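Read the structure below first, then the notes.
The values are calculated or read from the model by the stated rules, or taken from the named source; none is laboratory data. These numbers were taken from a predicted model, which means no experiment stands behind them. So basically every Cβ, Gly included, is an ideal-geometry build from the backbone, and we count neighbours across all protein chains shown.
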Amino acid sequence: MASSGQTVVVNGEHGTIGVENPATGELISTVPVLDAADVAALAARARAAQPAWAARDIEARAAIFRRAQKWMFDNSERVLATVVSETGKTYEDANLTDLGYTAVALGFWAKRAGRYLRDERVPVRDNPLNLGKRAFIRHVPIGLVGVIGPWNYPLVNSFGDCIPAMMAGNSVILKPSEVTPLSSLLMVEMMEACGLPDGVFQVATGDGSTGAALIGEVDSIMFTGSTRTGRKVAVAAAERLIPCHLELGGKDPMIVLADADLDRAANAAAFYSMLNGGQICISIERAYVEAPVYDQFVGKVTDQIRKLRQGPPGGGVGTVDVGAVIFPPQAEIVDSHVRDAVAKGARVLTGGQRRPGAGRFYEPTVLVDVDHTMAAMTEETFGPTLPIMKVHSADEAVALANDSIYGLQASIWTKDLQRGEALARRLQSGVVTVNDALLNYTQLNLPMGGWKQSGLGTRHGADGIRKYTKTQSVMVTRFALKKELFMFPYKGWVSRSLLGFYRLLYGRGER
Ligand code: NAD
């Protein structure tokens, strides 16, 4: 297998996967498909390494991640070139998110892990039986964590989830998407260069079968990907009775009220729907706009989107605005949503087709006259499209936004912040932003995760690291009533006194 001393070299006897640059169609590398035996070998190595890693002082662990943060910047050209070549996204997209997020996350977890994982004192005064005792909760590493990632952000949603898992004292095996494995292999090299012990972080390249084999080996699974695969992962994890955390698809609504700052809202709609070629789980996938400002909003957004430059990012920074469709079947899904909408009466104001020429591109597209009979408004498109629907009230917008199997991310745009907040509370979504979108992801102490079929659990915040631990509750008796009091012949007397005591404390009901 490619590269470093940290990745076990296995045969890859079960075939290789070609890695393509979606912006040019060029084959840039191949990686082996690891089978169950290969994954078991990685797991054995990870398990051997984990106890010593967990035994290290958390500050000693953090020092390695701080070095990695510096490495990211010292090697930024290489990181960006790797991400851009295997995704065909623009340098700006890779810089803002893949590089920027990952570097910030390395520092964040290095700094905060200790606080999130330290022992927590639990008061025991609620029950007189426990007078004289001390209780606390420990967060103990779970052992070996498996992380399975998607192709849209080969660093953010893959390696990004490995950071807190490792900081918590676990070994990690990452199964990156078969479409974009090269960035993850670079992270192996980085962690090795920064002093991570052998076996603590390994990458298992391969396809779905490799992912399935990984679930068979680990003590906990963190999965990011489609709802369809997420369901299979949950079933496999249930069979092994291991925890599984799922970050799945979304159909992120934007609600624009009549009093919104229209320029800002339109700029944001254009930016967040087209960022990363629209291949973001927490983008803007659909917009609902109040009737009085609908025409104006549509005009502004369409002007912005029409001007976007698209093409291979080979020319470097600042040359194109929208990159390629990363995953081959995704271009078909995007096109089918547009065709379905048009067949049911939607109008295409700009874009609406694959871009002719080399590479895999779909033109930045604005759709209007849309409704919920259309896949473009109800299914995850995950491409450079923005369908915009007219609504007659905020209530209608909320009802339509909630009319979805997904509940990942939503945004509300209004100058009335109180009203915005009140509406946010009515949305069935794991995250709601008022007058912005997506940036919550950069606030790493704020949990992020989906409701409904968008996932189980959250990443970021205290839970974003504690989920990679087992809790152990410890109760220490400092002094106690003499145990003989609970024994014959005093038993009846003690029991009656206790009842009286309880009655005194709780007899009037909880207040
Ligand atoms: P996918 O579900 O097709 O694949 C994800 C990963 O699962 C890949 O590494 C794949 O090899 C692996 N896999 C496939 N079958 C498996 C199996 N049976 N067992 C174990 N692993 C298996 O998703 P994708 O197409 O790579 O990614 C796009 C999806 O990811 C979109 O739906 C998007 O919304 C979602 N996503 C969600 C978030 C989030 O944070 N909620 C972030 C990014 C992407």
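Quick notes on this one:
- Filtered residues of region 179-212 (kept if within 11 Å of the ligand (Cβ to nearest atom), small (G, A, S) and within 17 Å of S158 (Cα to Cα)): S184, A204, G206, G208, G211, A212
- The residue list S336, S283 contains one member that is out of contact with any Lys or Arg (no Cβ under 8 Å at 6 or more places or on another chain) and over 24 Å from N440 (Cα atoms), which is S336.
- Listing of strands (runs of 3 or more DSSP E) fully contained in region 82-192 that carry 2 or more residues being of a type in the set (S, T, Y) and touching a residue at least 24 places away in the same chain (Cβ under 8 Å): none
- Filter result for M222 (modelled with pLDDT of 95 or more and either surrounded by fewer than 24 Cβ atoms within 10 Å (Cβ to Cβ) or away from the ligand (no atom under 16 Å from the Cβ) (or both)): no
- Checklist (1) closer than 20 Å to P243 by Cβ; (2) away from the ligand (no atom under 14 Å from the Cβ); (3) in contact with a strand residue (DSSP E or B) (Cβ under 6 Å, 6 or more places away or on another chain) applied to G149, failing item: (2)
- Residues in region 241-299 that are under 25 Å from S454 (Cα atoms), modelled with pLDDT of 95 or more and assigned to a loop (DSSP other than H, G, I, E, B): 14 in all.
- Sole residue being within 16 Å of the ligand (Cβ to nearest atom), buried (at least 18 other Cβ atoms within 10 Å of the Cβ) and under 29 Å from the mean Cα position of the chain (by Cα), chosen from G249, G311: G249
- Sole exception among (1) touching a helix residue (DSSP H, G or I) at 6+ places or on another chain (Cβ under 9 Å); (2) within 14 Å of the ligand (Cβ to nearest atom) for I163, by number: (2)
- Qualifying residue in region 342-362 (condition: closer than 24 Å to G225 by Cα, in contact (Cβ under 8 Å) with a residue 40 or more places away in the chain and surrounded by 24 or more Cβ atoms within 10 Å (Cβ to Cβ)): yes
- First in region 226-255 and within 15 Å of V431 (Cα to Cα) and without any contact (Cβ under 8 Å) to a residue 60 or more places away in the chain, second anywhere and among the charged types (D, E, K, R) and within 6 Å of the ligand (Cβ to nearest atom), Cβ under 7 Å, 6 or more apart: none
- Members of region 193-237 that are over 21 Å from D38 (Cα atoms), part of a helix (DSSP H, G or I) and of a type in the set (S, T, N, Q): T227, T229
- Qualifying residue in region 373-395 (condition: at positive phi, modelled with pLDDT of 95 or more and in a loop (DSSP other than H, G, I, E, B)): yes
- Hey, A55 at pLDDT 95 or above, more than 30 Å from L275 (Cα to Cα) and out of contact with any strand residue (DSSP E or B) (no Cβ under 9 Å at 6 or more places or on another chain) or not: yes
- Among the candidates P141, P176, P123, the residue that is touching a helix residue (DSSP H, G or I) at 6+ places or on another chain (Cβ under 6 Å) and over 25 Å from I326 (Cβ atoms) is uniquely P141.
- Verdict on G278 being surrounded by fewer than 17 Cβ atoms within 10 Å (Cβ to Cβ), small (G, A, S) and within 29 Å of A81 (Cβ to Cβ): no
- Within region 412-425, the set of residues being in contact with a strand residue (DSSP E or B) (Cβ under 9 Å, 6 or more places away or on another chain) and part of a loop (DSSP other than H, G, I, E, B) comprises T414, R425.
- Residue in region 376-393 that is surrounded by fewer than 16 Cβ atoms within 10 Å (Cβ to Cβ), of a type in the set (A, V, I, L, M, F, W, C) and within 22 Å of the chain's Cα centre (by Cα) present: no
- Once region 225-244 is narrowed to residues that are crowded, with 21+ Cβ neighbours inside 10 Å and within 25 Å of T381 (Cβ to Cβ), the residue that is nearest to the ligand (Cβ to nearest atom) is G225.
- Within region 426-464, if we keep just the residues that are in contact with a Leu (Cβ under 6 Å, 6 or more places away or on another chain) and assigned to a strand (DSSP E or B), the residue that is farthest from the ligand (Cβ to nearest atom) turns out to be L456.
- Among the numbered conditions (1) crowded, with 16+ Cβ neighbours inside 10 Å; (2) in a loop (DSSP other than H, G, I, E, B); (3) among the small types (G, A, S), the only one that A480 does not meet is (1).
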